[in-house]
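Where a number appears in this text, it was derived from the coordinates with a stated rule and is not lab data. For clarity, every value in this text was computed on a predicted model and none was experimentally measured.
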Amino acid sequence: MKVPKTTRVWTIAEAKAKLSEIMRLAETEGPQRIGVRKSFILVPAELWEAEKSPRKPMGQWLIENMPRGTELEIPNRHEPGREIPFIEDDEAG
């Protein structure tokens with residue numbers, strides 16, 4: 001889970017005394033870290049749910065999000081002959 005950088009580290013005692021404030025800050029300023037030796041991160045439920053939900057495979061996403069109703073123009077990849085600089089003239093013939 002990719003969580004944004006926390007704004008402050010709260011001690012357990014501070015967190016117990018200021019839980020409402022920490023919850024408000026988590027919602028307005030981002031994740032809040034509680035604890036120094038063993039840390040916990042407080043994040044809003046919406047962020048947690050969005051991050052833990054499974055993502056679609058890329059192929060499925062591409063199919064669902066490809067433009068509809070327009071022709072995809074594929075450029076002509078035929079290129080005219082060109083010189084190959086690493087072949088000497090007497091071998092090229």
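Could you work out [θ]222 nm for the chain from helices alone, using -39500 (n - 2.57) per DSSP H run of at least four and dividing by all its residues? Round to the nearest 500 deg cm²/dmol. Walk me through the numbers on the way to the answer.
On the way: 5 runs with 36 residues, N = 93.
Taking each H run of at least 4 residues, the total per residue is -10000 deg cm²/dmol.
Provide the gained length on full extension for the span residue 46 to residue 65, in nm with one decimal, where the gain is 0.36 nm per separating residue minus the Cα-Cα distance.
Values: separation 19, 0.36 × 19 = 6.84 nm, distance 2.41 nm.
The residue 46-residue 65 span can extend by a further 4.4 nm.
Only Cα pairs under 8 Å and at least 6 apart count here; give the relative contact order of the chain as a rounded whole percent. Write down the numbers at each step before the final one.
Values: 63 pairs, mean separation 19.9, N = 93.
In percent, rounded to a whole number, it is 21.
Can you give the alpha-carbon Rg of the chain over 2.2 N^0.38 Å, where N counts its residues?
2.30
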